[in-house]
Amino acid sequence: MAEKRDYYEVLGVAKNCGEDELKKAYRKKAKACHPDLHPGDKEAEEQFKELNEAYGVLSDPEKRQQYDRFGFAGVDGQGFRNYNASDFGFDFSDILNTFFGGGFGGGGGMRRNPNAPRRGSDMKYRMTLSFMEAAFGTTREITITREENCHTCHGSGARAGTIPETCPVCQGSGAVQQQQQTLFGVSIVNRTCDHCGGRGKVVQEPCESCRGSGRETIRKKLEIKVPAGIDSMEMLTLRGEGEGGYNGGGPGDLYIEITIKPHKLFERHGYNTYCDVPITFTQAALGGEIEVPTIHGPERYTIREGTQPGDTITLRNK
């Protein structure tokens, strides 16, 4: 049996990647190795299974945490799932139509339900901290701009007292089928319904607040508590503070990416702080007491005689 590859390697993403990046990587690779594009190709089929297994673990926060801590032992047998294309907002038949001009749209199982609950998108916010803020922790207030369901029509897009009607062209599916002549004969192609724009419903009397879109852009202030000892490129996660969902779906998450400004005296390596302290030739030769700057304030330290340039001294818990 072939040795399992690291799930992050399978998807081609970094270990600290967000959900959106993970989903984009899955979609890109799934399009390349989907079995319908490679009929009879066992290697492509195995690649697709491996891809599904990796995404099944990393897209689930609990399974991902177990995998990050314990590797395959923490998630053995939990990864594989037979994903439906609707989970990712694209239609494999559309991909196949791009290559072959149709012929793969008749199954219906790959079509997305336009009225199914859909989770909102995740968001990312970059926060820059001073060296001392990162060392001791801080509280910051930020303002984000995000999309939510319109508070007037609650996402329906219709004026108060009215409801959207089922599209008479696609009968609510959001897609229409067309016959198309190709080199392989007549094929059935699924296309987005032009009448409803793929939504499956038509708004006859639009909401005055959102003009029928069902969405509105809001600005919201959030208080962010930054823990002491946070490092550059670490992420803080605020669950449910991303963009609003669709059709009753839950909101996305907000990821705070941390950047730390350099300090004029101190450098950080892991949880340790380093600084250069100049001493005189006499102090180096004979030893003596010197003042050492720390993030908590200056400390007195006695150096030994014969101290050499570049020697490192350690002040514990400072």
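The values are calculated or read from the model by the stated rules, or taken from the named source; none is laboratory data. Owing to the predicted nature of the structure, the values given are computational and were not obtained by experimental measurement. Here the Cβ positions follow ideal geometry from the backbone for every residue, glycine too, while neighbour counts run over all protein chains shown.
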Which residue pairs have Cβ atoms under 7 Å apart, sit 6 or more places apart or on different chains, and have a first residue in region 35-61 that is of a type in the set (Asp, Glu) and a second that is in a helix (DSSP H, G or I)?
ASP36/PHE92; ASP36/LEU96; GLU45/PRO35; GLU50/VAL10
Between a first residue in region 257-283 that is without any contact (Cβ under 8 Å) to a residue 60 or more places away in the chain and a second residue that is surrounded by 15 or more Cβ atoms within 10 Å (Cβ to Cβ) and of a type in the set (Lys, Arg), which pairs have beta carbons less than 9 Å apart while being 6 or more apart in sequence or on different chains?
TYR274/ARG268
Given the structure, is LYS28 at pLDDT 85 or above, assigned to a helix (DSSP H, G or I), surrounded by fewer than 17 Cβ atoms within 10 Å (Cβ to Cβ) and not assigned by TED's automatic domain parsing to the domain that holds LEU238?
yes
Out of SER213, SER209, SER173, report the one residue that is touching a residue at least 24 places away in the same chain (Cβ under 8 Å), in contact with a Cys (Cβ under 8 Å, 6 or more places away or on another chain) and surrounded by 20 or more Cβ atoms within 10 Å (Cβ to Cβ).
SER173
Given the criteria surrounded by fewer than 17 Cβ atoms within 10 Å (Cβ to Cβ), in contact (Cβ under 8 Å) with a residue 24 or more places away in the chain, touching a Lys or Arg at 6+ places or on another chain (Cβ under 9 Å) and among the polar types (S, T, N, Q), does THR162 qualify?
no
Given the structure, is GLY306 at pLDDT 90 or above and touching an Asp or Glu at 6+ places or on another chain (Cβ under 7 Å)?
no
Residue among TYR255, TYR301 that is in contact with a Leu (Cβ under 8 Å, 6 or more places away or on another chain), part of a strand (DSSP E or B) and more than 30 Å from ARG146 (Cα to Cα)
TYR301
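Per-residue answers, yes or no, for (1) among the small types (Gly, Ala, Ser); (2) touching a helix residue (DSSP H, G or I) at 6+ places or on another chain (Cβ under 8 Å); (3) at pLDDT below 90; (4) assigned by TED's automatic domain parsing to the domain that holds ASP20:
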{"residue": "THR192", "(1), (2), (3), (4)": "no, no, yes, no"}
{"residue": "HIS195", "(1), (2), (3), (4)": "no, no, yes, no"}
{"residue": "ARG199", "(1), (2), (3), (4)": "no, no, yes, no"}
{"residue": "GLU223", "(1), (2), (3), (4)": "no, no, no, no"}
{"residue": "ILE230", "(1), (2), (3), (4)": "no, yes, no, no"}
{"residue": "MET235", "(1), (2), (3), (4)": "no, no, no, no"}
{"residue": "GLY240", "(1), (2), (3), (4)": "yes, no, no, no"}
